[in-house]
Every structure is written in structure tokens, then in C-alpha cells.
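Shown next, in C-alpha cells, is the structure this report addresses.
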Amino acid sequence: MNTYNWYSQLIKPSWSPPSWLFGPVWTFLYVLIIISFGKVFMMTWQKQIPFIVALPFILNIIFNLSFTSLQFGLKNNLLAGIDILLVLITLIWAMVAIYHYSHWITYIQVPYLIWVSFATVLQLTITYLNK
């Protein structure tokens, strides 16, 4: 409850989506992430792709999972802003790295890329508005 109160009191842009939207969107995206990242990790394990191709996927999931702790645990907008930039950068890197080996894995990342791009602008805006 304390975290909800803290976040609800932050200044947010008028185009910020309602809080209830984040759960369904992330649920859908995590299904895509599990399928595609799972395939990448399986391909790496089976030596169908080099480890360097899987590296951005590994970093992306680490940064992705760190965001909630930084934003809501530490209540640190700046660290969350840096983290979401790293999520975006590693996602683009992952999409480029895997494309040569599996086009569908790149294409299935497009909804994730769109949402993370939006979330990055949103987080950076919230960080700026609440400095």
C-alpha cells in the first residue's frame, strides 16, 4: 500500500496510461518473452547459436526484472530510468543479434519493443517531472 501511495503521488504526464493497464500488457508480453527467450536459450544450449547472441537476451531479462525493485522497492526514479534505457538497448541488441538465426524471434519482440519504447519515454518523463 505504501508503494501504491508513493507512485500515485508522483507527477505524471497527461498521456500516462491508467495503472490497471500495466498488468494485462506485461502478462501478454511475458508470454511472448518466455516463448522467444526460451527458444534462444535452448538454441544456445544446443550450440545452434553462439553465446554472444544470447547475451543481450540474458542482460535484457536481468534489467527487465530489476526495474520493479528499483522503481517500487527503492522508489528511485533515476535508477529506474537508467534501467529502462538498458532494457530498451539490450532489446534492440537482442533483436539484431538473433535476426540472422531466427527471424520469427525478432518479429515476436516487436510488441515488447513498442511497449518498452513507450515505457522508456514515460519513465524518463516521470523522472524529469519529479526531480
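The values are calculated or read from the model by the stated rules, or taken from the named source; none is laboratory data. Given the structure is predicted, the values throughout are model-derived calculations rather than measurements. Using ideal geometry, Cβ is built from the backbone for each residue, glycine included, and neighbour counts are taken over all protein chains shown.
Structure above, values below:
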quantity	calculated
Residues (in a loop (DSSP other than H, G, I, E, B) and loosely packed, with under 12 Cβ neighbours inside 10 Å) located in region 8-30	9, 11, 13, 14, 15, 18
Boolean, residue 72 is at pLDDT below 95, surrounded by fewer than 19 Cβ atoms within 10 Å (Cβ to Cβ) and of a type outside the set (Gly, Ala, Ser)	yes
Within region 36-58, tally of residues that are within 20 Å of the chain's Cα centre (by Cα) and surrounded by fewer than 12 Cβ atoms within 10 Å (Cβ to Cβ)	2
Those residues of region 87-103 which are buried (at least 17 other Cβ atoms within 10 Å of the Cβ) and part of a helix (DSSP H, G or I), in sequence order	87, 88, 90, 91, 94, 95, 97, 98
Options 62, 82, 33: the member that is out of contact with any helix residue (DSSP H, G or I) (no Cβ under 7 Å at 6 or more places or on another chain), assigned to a helix (DSSP H, G or I) and more than 20 Å from residue 131 (Cβ to Cβ)	62
